[in-house]
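Presented below is the structure to which this report refers.
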Amino acid sequence: ESGLSGDDAVRATNDDAAISRLAAVNQGYLSDPYAKHFVRRPQRRPPVINRGSYTRSKALDTLVQQFLKSGDGSPKTKQIVSLGAGSDTRWFLLKAQDLHPARYYEIDFPEITGRKAQIIKKNNEMTELLGEHLLTSGGTELHSDNYHLIPGDLRNFSTEILPRIASLGFDKSLPTLFLSECVLIYMSPRDSANLVQSAAESIESGVFVTYEQILPDDPFGVTMLQNLKMRGIELLGIRAHPSLQSQRDRYLIAGWDEAGAVDMNMFWERILDSDERTRVSALEIFDEVEEWRLLSGHYCVSWGIKTRKGADNGLKNVGL
Ligand code: SAM
């Protein structure tokens, strides 16, 4: 991956995420029958990385499930917008269990959505879940009844993306979840702040969830940034939101009513079900306890909540 720069290097981070996810699936951490379709050459990952992929997925799944069950308890009265979705398989996992929301939008660069659309198109299991569907824009878009894969640049969120999803049935009155998993951090603080604010303004109620790196300045953080830089990747946003407090503030400043944040140590030790912790701990020999603590302290999940004025639709209970 070295030699890439700018947007190409950012796009390449998606392959890395997909390979790591599949490694965790193959080692028994996660169950996802679709992950393998998005990886050309599977690779093993060290236990500390597998455990990291697991906690990341589990923390986000917990928030997504809370959101889908909030209010009237039905996913069918809600919508999800996945920002920089990459090779995420979440919609297929939800659809297979009939837990999918009324509408689900995935946004990424056309290079990524085009490849994803081709992979989906060639796979019977996934096309069956889609039902009737259509590829458009030279194969970079995929549309079905309640799943839309859309090419676009998130730096133009309010001018390009919001109008586009509005033309595809986005309903501002439905509780909406915006999901950004390792995405905002690659954007400038100004672009991501605009996005987080425009998202709040685009809905009556909803949740914004972010997973990304924090703490750039301690020795582990410095090494983390250096390693990424060698691969041409810069975490443009990390200095604007380097702590749990500044992660929470990003939502409050941008018009969200409430906010929360936890790092992955907190999630692993205090929030994750103890049965799950026991099961996962038994999957591989795990000697890197100190490295695990350092690594998980440098990743956080944060969320902002916008409640409907005057009516409680249960979103206040979303949070870790
Ligand atoms: N969310 C997926 C996951 O966690 O598996 C993919 C994460 S990957 C690290 C980051 C993704 O964000 C890439 O697919 C990249 O193309 C996308 N991305 C970053 N900046 C973007 C932008 N300005 N517009 C659209 N997509 C962007």
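The values are calculated or read from the model by the stated rules, or taken from the named source; none is laboratory data. Since the model is a prediction, treat every value here as computed from it, not as a measurement. Because the Cβ atoms are built from the backbone with ideal geometry, glycine has one as well, and the counts that use them run over all protein chains shown.
Residues of the stretch 141-169 that are in a loop (DSSP other than H, G, I, E, B) and in contact with a Lys or Arg (Cβ under 7 Å, 6 or more places away or on another chain): Asn146, Gly152, Gly169.
Kindly evaluate Leu295 against the criterion of being in a loop (DSSP other than H, G, I, E, B), under 20 Å from the mean Cα position of the chain (by Cα) and not hydroxyl-bearing (Ser, Thr, Tyr). When the stated conditions are applied, Leu295 does not pass them. Of the numbered criteria (1) within 16 Å of the ligand (Cβ to nearest atom); (2) in contact with a strand residue (DSSP E or B) (Cβ under 6 Å, 6 or more places away or on another chain), the one Tyr54 fails is (2). Could you check, for the stretch 235-246, whether at least one of its residues is outside any loop (DSSP other than H, G, I, E, B) and surrounded by 16 or more Cβ atoms within 10 Å (Cβ to Cβ)? Within the stretch 235-246 (the criterion being outside any loop (DSSP other than H, G, I, E, B) and surrounded by 16 or more Cβ atoms within 10 Å (Cβ to Cβ)), the answer is yes, since at least one residue qualifies.
Is there a residue being surrounded by fewer than 19 Cβ atoms within 10 Å (Cβ to Cβ), at pLDDT 95 or above and in contact with a strand residue (DSSP E or B) (Cβ under 6 Å, 6 or more places away or on another chain) anywhere in the stretch 267-279? Among the residues of the stretch 267-279, not one is surrounded by fewer than 19 Cβ atoms within 10 Å (Cβ to Cβ), at pLDDT 95 or above and in contact with a strand residue (DSSP E or B) (Cβ under 6 Å, 6 or more places away or on another chain), which makes the answer no. If you go through the stretch 1-22 and pick out every residue that is at pLDDT 95 or above and over 18 Å from the mean Cα position of the chain (by Cα), you end up with 0. Beta carbons closer than 6 Å, at least 6 apart along the sequence or on distinct chains, pair a first residue in the stretch 85-97 that is within 15 Å of Asn146 (Cα to Cα) with a second that is part of a loop (DSSP other than H, G, I, E, B) and not hydrophobic (A, V, I, L, M, F, W, C) for Thr89/Asp32; Thr89/Tyr34; Phe92/Tyr34; Leu94/His100.
Quick one: is Leu142 over 24 Å from Leu63 (Cα atoms) and away from the ligand (no atom under 16 Å from the Cβ)? Against the criterion (over 24 Å from Leu63 (Cα atoms) and away from the ligand (no atom under 16 Å from the Cβ)), Leu142 does not qualify.
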